[in-house]
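Enquirer: Got a structure for you, questions after.
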Amino acid sequence: MAQKRTHVSLSERLLTDIDELFGKGKRSAFLTEIAEREVRRQKQLRALDAAAGCWKDEDHPELKNGSAAWVRELRSGWDSRLPKDS
């Protein structure tokens, strides 16, 4: 991926902590990793917010006792649905 330089202002204390933990030569790699992680997290949160309310209980009556009970019920029928190995 192409890299592009940018100017970011950070407190001296934060830079000192980063340097002590990761090394002065690793600042960019550290900050890139943290920024990418936070961008992914923010995108997930926004997707969850956008999807809020799209699931209606009345559309999924099979889950009225909870998803764990539904999965247990599905699994209990596997023996009769799946062919036996010879």
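Enquirer: Could you run through region 15-70 and say how many residues are assigned to a helix (DSSP H, G or I) and either within 18 Å of the chain's Cα centre (by Cα) or exposed (fewer than 10 other Cβ atoms within 10 Å of the Cβ) (or both)? Reasoning before the result, please.
Expert: Here is the first cut: in region 15-70, the ones assigned to a helix (DSSP H, G or I) are 15-22, 24-51, 57-59, 61-63, 67-70.
Filter once more, so that each one left must be either within 18 Å of the chain's Cα centre (by Cα) or exposed (fewer than 10 other Cβ atoms within 10 Å of the Cβ) (or both): 20-21, 25, 32-51, 57-59, 61, 68.
Residues flagged as assigned to a helix (DSSP H, G or I) and either within 18 Å of the chain's Cα centre (by Cα) or exposed (fewer than 10 other Cβ atoms within 10 Å of the Cβ) (or both) within region 15-70 amount to 28.
Enquirer: On to the next question. Among the residues of region 1-13, count how many are assigned to a helix (DSSP H, G or I) and surrounded by 10 or more Cβ atoms within 10 Å (Cβ to Cβ).
Expert: Pass one, region 1-13, residues assigned to a helix (DSSP H, G or I): 12-13.
With surrounded by 10 or more Cβ atoms within 10 Å (Cβ to Cβ) added as a condition, the list becomes none.
Residues that pass the stated criteria total 0.
Enquirer: Can you tell me which residue among 80, 86 is in a loop (DSSP other than H, G, I, E, B), loosely packed, with under 11 Cβ neighbours inside 10 Å, at pLDDT below 95 and not aliphatic (A, V, I, L, M)? Can you show your working first?
Expert: Working: 80 fails: in a loop (DSSP other than H, G, I, E, B).
Exactly one residue qualifies, and that residue is 86.
The values are calculated or read from the model by the stated rules, or taken from the named source; none is laboratory data. The structure presented is a predicted model; accordingly, all values stated were derived computationally and were not measured. All Cβ positions, even for glycine, are placed from backbone atoms using ideal geometry, and neighbour counts span all protein chains on display.
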